[in-house]
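Student: To start, I am sharing the structure in question, which I have written as structure tokens.
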Amino acid sequence: MKLAGLPLGLLLLFGVAYVTDYSMILLIKSGEMSGTSTYQSLVSRTFGFPGYMAVSALQFLYPFAVSPESILADRRLAILGTTAVVTLPIALYRNMQRLGKVSMISFLLTVVVLLMVIIRASSMTIVIPHTKDAWVFANWNAVQAVGVMSFVFMCHHACFLIYGSLEKATASSWSRITHVSMIISLIISVQYSVFGYISFTGFTQGDLFENYCMDDNLATVGRFCYAITIILTYPMECFVAREVISNVFFGGNLSTVLHFTVTLLVVSLTTVISLLSDCLGMVLELNGVLSATPLVFIIPTACYLKLSADQWYHPSNFVPCLIFLLGIIIMPVGFIMAIFYPQECSHGNEMFYCLKNSTSLGTLSSTPYPANVSEIKL
């Protein structure tokens, strides 16, 4: 919302949700048309070996933007501990159906965090100084926001794995599941976006929890719940990365030893990256434009258009063509803007408005702030 402008940002959020929903269904339809059951085999059947390697690389790289977070002072020790004790054992599951309960817990904790953000919105707005143009309709760097939104909704790399785990795997049941899931995701994302942005406006960080004061107990609970959701979400991403390695190097079959070795390799690489990086916003943005955008906008529509019995310019293919074209534009433009205009990152430092008030958030004073943000000495 900060990058795009709140009104345009909400419109873009709805748009990306629609594209995600549409392209997920398109993927399964394309799989049925080509007689394939994995994302990689679909692209291989459609575009040959170069396409197979390209989508394999994108699927493998996407999960590496997800890393466990912690509220402990020593984040490296916390990451190593939670990886060894929680993340790795869950990631070693072979059957994705076993992640059903884990995913439900993650979803419930996401709702808890959302409630925290909503509750804190009323407290934070009275202490956050005014920022210029905070409520404009649109900002010029809105394309960067699309990359982040694509990352938020993107789950195409796991579509065939999830589809194959359904008791009744049909195109109609998949469509219903996709529609319901996307509507719920959109509702939650809109509330996060609105309440998060109105709380901090121009000071909004790529990682929203960087905005809350360190002595805010409610925010600390939210951080803890958010950390658990990330830890419980990661194993599904690991499933995909492991499947890519299995299909590319081992013909789709892993022995028990190889299963453990590959899982350990993927988790270890992700852990190393998470130890080296603590700026979430930049990671999400780059991963969104480089991995999520092609997996959401470009590849599903390209496969469908190639497999469709109608010519690409047939009226029935108007929406896939439009989505494909948008992806071709968003990917390079978003990448260039992410490099030259990176999001701000406080790197765990206390925000200035927290230092201004020595008491906890529950008793924050209403000390007046300068009306113009340029007057503030950070």
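The values are calculated or read from the model by the stated rules, or taken from the named source; none is laboratory data. Everything numeric in this text was worked out from a predicted model, so none of it was measured. Cβ placement follows ideal geometry from the backbone for every residue including glycine, while neighbour counts extend to all protein chains displayed. Areas reflect the complete protein model, heavy atoms only, side chains present, ligands, DNA and RNA absent. Shrake-Rupley method; radii C 1.70, N 1.55, O 1.52, S 1.80 Å.
Student: How do the pairs read when you match residues in the range 203-220 that are in a loop (DSSP other than H, G, I, E, B) with residues anywhere that are acidic (Asp, Glu) and modelled with pLDDT under 85, using Cβ under 8 Å and keeping only pairs 6 or more apart or on different chains?
Tutor: Gln205/Glu344; Gly206/Glu285; Gly206/Glu344; Cys213/Glu350; Met214/Glu350
Student: Which residue out of Phe318, Phe335 is in a helix (DSSP H, G or I) and in contact (Cβ under 8 Å) with a residue 12 or more places away in the chain? Full working, then the answer.
Tutor: Details: Phe318 fails: in contact (Cβ under 8 Å) with a residue 12 or more places away in the chain.
Sole residue among the options that is in a helix (DSSP H, G or I) and in contact (Cβ under 8 Å) with a residue 12 or more places away in the chain: Phe335.
Student: Return the total of residues in the range 353-363 being part of a helix (DSSP H, G or I) and modelled with pLDDT under 70.
Tutor: Going through the range 353-363 one residue at a time, the tally reaches 3.
Student: Can you tell me how many residues within the range 120-157 are under 15 Å from Thr293 (Cα atoms) and in a helix (DSSP H, G or I)? Working first, answer last.
Tutor: Going through the range 120-157, the residues under 15 Å from Thr293 (Cα atoms) turn out to be 142-157.
Restricting the remaining residues to those that are in a helix (DSSP H, G or I) gives 142-153, 156-157.
Selection size over the range 120-157: 14.
Student: Let me ask another. Of all residues in the range 264-280 being modelled with pLDDT under 85 and open to solvent by 70 Å² or more (accessible area, probe 1.4 Å), which is farthest from Met236 (Cα to Cα)?
Tutor: Step by step, filter the range 264-280, then rank; the result is Leu276.
Student: Looking at the range 167-177, can you tell me whether even one residue there is buried (at least 19 other Cβ atoms within 10 Å of the Cβ) and within 28 Å of Ser34 (Cβ to Cβ)?
Tutor: yes
Student: Here is a follow-up. Can you give me the number of residues within the range 87-106 that are in contact (Cβ under 8 Å) with a residue 12 or more places away in the chain and not hydroxyl-bearing (Ser, Thr, Tyr)?
Tutor: Qualifying residue count, the range 87-106: 11.
Student: Output the residues belonging to the range 82-100 that are of a type outside the set (A, V, I, L, M), over 12 Å from Met236 (Cα atoms) and surrounded by 15 or more Cβ atoms within 10 Å (Cβ to Cβ).
Tutor: Correct list: Thr82, Thr83.
For (1) surrounded by fewer than 18 Cβ atoms within 10 Å (Cβ to Cβ); (2) among the aromatic types (Phe, Trp, Tyr), each residue gets a yes or a no:
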| residue | (1), (2) |
| --- | --- |
| Val102 | yes, no |
| Ile119 | yes, no |
| Ser123 | yes, no |
| Gln144 | no, no |
| Phe153 | no, yes |
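Student: If we keep just the residues of the range 336-352 that are touching a Gly at 6+ places or on another chain (Cβ under 8 Å) and within 15 Å of Ala142 (Cβ to Cβ), which is modelled with the lowest pLDDT?
Tutor: Gln343
Student: Go through (1) modelled with pLDDT of 85 or more; (2) of a type in the set (Ser, Thr, Tyr); (3) in contact with a helix residue (DSSP H, G or I) (Cβ under 6 Å, 6 or more places away or on another chain) and name the single condition Thr256 misses.
Tutor: If we test Thr256 against (1) modelled with pLDDT of 85 or more; (2) of a type in the set (Ser, Thr, Tyr); (3) in contact with a helix residue (DSSP H, G or I) (Cβ under 6 Å, 6 or more places away or on another chain), just (3) comes out false.
Student: Here is a follow-up. Among what's in the range 158-174 and is among the hydroxyl-bearing types (Ser, Thr, Tyr) and in a helix (DSSP H, G or I), pick the residue that is nearest to Gln343 (Cα to Cα).
Tutor: Tyr163
Student: Also, quick follow-up: Sort through Ala145, Ala158 and tell me the only one that's hydrophobic (A, V, I, L, M, F, W, C) and farther than 21 Å from Val333 by Cβ.
Tutor: Among Ala145, Ala158, only Ala158 is hydrophobic (A, V, I, L, M, F, W, C) and farther than 21 Å from Val333 by Cβ.
Student: State which residue pairs qualify: first residue over 16 Å from Gly251 (Cβ atoms) and inside the range 31-50, second residue open to solvent by 60 Å² or more (accessible area, probe 1.4 Å) and among the polar types (S, T, N, Q) in any location, beta carbons under 7 Å apart, and separation of 6 or more residues or different chains.
Tutor: Gly31/Ser37
Student: Any residue in the range 118-138 that is more than 20 Å from Leu10 (Cβ to Cβ) and free of Cβ contacts under 8 Å to residues at least 12 places away in the same chain sitting within a Cβ distance under 7 Å of a residue that is open to solvent by 30 Å² or more (accessible area, probe 1.4 Å) and outside any loop (DSSP other than H, G, I, E, B)? List the pairs, counting only those 6 or more apart or interchain.
Tutor: Correct list of pairs: empty, since none qualify.
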